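In what follows, a single structure is set out as structure tokens and then discussed.
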Amino acid sequence: MPELPEVENVRRTLCGGLLGRPIYRVRVLRSDVVHGQTGPAGLLCGQKISSIERRGKQLALVGENGRCVCIHLGMTGALVLAAARQSRPEHTHVIWSLPGRQLRFQDPRRFGGIWTFSHHSQLSEQRWRNLGHDALSIRSCELMKRLARTRRCIKAALLDQGIIAGLGNIYVDELLFSCRLNPFCPASTLQGKQIQRLVRHMRQLLRRAIAAGGSTLRDYVDAHGHRGSYQSQHRVYGRATKPCVRCHQCLSVATVGGRRTVWCSHCQIP
Ligand SMILES: [Zn+2]
């Protein structure tokens, strides 16, 4: 599933191709992926895109009149810019036509979707209200407040989009390894200094992953169709039972919060 670094790369690669350009036609090929007002006006037809925002793993295309379209890529969703003459892949569900190009929403497994809002404030008050602060900008005092209220372990808490938005299984495992925290550690027992360190490592990790174009495990591509390369820098994710890059002991694997978790039981202390 695309996480913050992948979705941020989609946002950045969309900006050049979309900002300030008029959408003159919208075609919905599969209506059950669109929620809310599904007509052309709801999907920004006739408008220019004035900004493209991201909160956690979700994107929003904001029209010049304030209307907006929120897109969640889910497991296999992609937003791809293509020339109109370029053949359309199977599982293309929505097509926005702009001068010289199209924006296509593709999603083979359909865990993603599109939500329309008549104003940006509606998006903030409804869909984004229950999301925690974005992982790239959250401050340690805000994270500390939220972690203090949960009885879950740190791995499960960081995966909870209501506590902090943007992290998924890859970057939580990489982050906990980076700051030597054990995934089973109860989140509410972390001290202020540990949380400050966690936030510092999180920013560094996410910035590096964004700079590498994100991680492509199977099919993730940005809006230009480019794959990410950060997977070659993963230190624990996908490396179960291999030697730890720090202490050379065998990495452990278990299911935590319903997700496969890889960590080093020697250098990630409880
Ligand atoms: Zn180790």
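The values are calculated or read from the model by the stated rules, or taken from the named source; none is laboratory data. Here the structure is a predicted model, which means the values were calculated and not measured. Quick reminder, even Gly has a Cβ in these numbers, built from the backbone with ideal geometry, and neighbours come from all protein chains shown.
List, please: which pairs have Cβ atoms under 8 Å, are six or more places apart or on different chains, and start with a residue in the stretch 253-270 that is closer than 19 Å to Ile170 by Cβ and end with one that is part of a loop (DSSP other than H, G, I, E, B) and more than 15 Å from the ligand (Cβ to nearest atom)?
Val256/Phe184; Gly257/Arg152; Val262/Gly238
Quick check on Ile210: is it more than 16 Å from the ligand (Cβ to nearest atom), modelled with pLDDT of 95 or more and over 19 Å from Gly74 (Cα atoms)?
no
Only one of Leu181, Leu159 is modelled with pLDDT of 95 or more, under 26 Å from Gly74 (Cα atoms) and not charged (D, E, K, R); which?
The unique qualifying residue is Leu159.
Return only the number of the condition from (1) within 16 Å of the ligand (Cβ to nearest atom); (2) out of contact with any Lys or Arg (no Cβ under 8 Å at 6 or more places or on another chain) that Val262 does not satisfy.
With respect to (1) within 16 Å of the ligand (Cβ to nearest atom); (2) out of contact with any Lys or Arg (no Cβ under 8 Å at 6 or more places or on another chain), Val262 is out only on (2).
Can you tell me which of Phe117, Phe105 is closer than 21 Å to His226 by Cα, modelled with pLDDT of 95 or more and aromatic (Phe, Trp, Tyr)? Full working, then the answer.
Numbers: Phe117 fails: closer than 21 Å to His226 by Cα.
Selected residue: Phe105, the only one of Phe117, Phe105 that is closer than 21 Å to His226 by Cα, modelled with pLDDT of 95 or more and aromatic (Phe, Trp, Tyr).
What residue, of Val253, Val262, Val245, is part of a strand (DSSP E or B) and over 22 Å from the mean Cα position of the chain (by Cα)?
Checking each option against the conditions leaves just Val253.
Taking Ile269 as meeting all but one of (1) at pLDDT 95 or above; (2) within 13 Å of the ligand (Cβ to nearest atom), write down the number of the exception.
(1)
Of (1) within 16 Å of the ligand (Cβ to nearest atom); (2) of a type in the set (Phe, Trp, Tyr); (3) in contact with a Pro (Cβ under 8 Å, 6 or more places away or on another chain), Tyr220 satisfies all except one. Which?
(1)
Look at the stretch 223-259 and say how many of its residues are more than 16 Å from the ligand (Cβ to nearest atom) and either touching an Asp or Glu at 6+ places or on another chain (Cβ under 7 Å) or under 30 Å from Ala84 (Cβ atoms) (or both).
Of the residues in that region, 7 qualify.
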